[in-house]
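**Q** My questions will all concern the structure given below.
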Amino acid sequence: PALPSNDSSRAELVFDGLDTIVSVFFNSEKILEGRDMHLSYRVDVTRLLKKEGEENELELRFSNAPAYAKSEMKRIGYKGNGTDVHFGGPERLFVRKAQYHWGWDVSALCFSWSLKLLPLSISYSWS
C-alpha cells in the first residue's frame, strides 16, 4: 500500500532477535549492521520505498558468529588462560549471542537447526 501523502508519513522496518552478525539491505541499500542478537532494531525506510506497484526487496546477510567472535577476541585481546571459560571457548565472551548456542545447554539439542522463512509483511503506521 502507498503511504498517505502528508509530510509526517513514515515506513519503518522492525527487527527482533537477528542472530547475530548481520547486514541488512533494503532495495540494495545497507540500512543496518547488527552485532547483538539481544537488541531490537527499528529502521526508517521511508525514502527507500519504491513507487506503488513496484516490489521492495529486503535482504539479510548473516555472517558466522563464532568466526566473528574469534576475530574480536584476537583484536581486543583475551587475558584469560583458555581454561577459565567452561562449556564453550573464550571467544563466546566477545559477541552478544544466546549462550546456549555455544553448546553448554542441553536444551539447545531440542531446537531445529534448519532455516525457516516466515511470510513478511511491511505494515505502515503514521501519525
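The values are calculated or read from the model by the stated rules, or taken from the named source; none is laboratory data. The structure presented is a predicted model; accordingly, all values stated were derived computationally and were not measured. Side chains are part of the model used for accessible areas, which takes the heavy atoms of the whole protein and leaves out ligands, DNA and RNA. Shrake-Rupley method; radii C 1.70, N 1.55, O 1.52, S 1.80 Å.
**Q** So which lysines pass the test for Lys51, namely a Cα distance under 23 Å, with those fewer than 8 places away in the same chain ruled out?
**A** Answer for Lys51, where 23 Å is the Cα cut-off: Lys30, listed by chain and number.
**Q** Measure off, as a whole percent, the carbon and sulfur share of the 1.4 Å-probe accessible area of segment 6-88, all protein chains present. Each step should come with its number before you reach the end.
**A** Details: 2600 of 5530 Å².
C and S atoms contribute 47 percent here.
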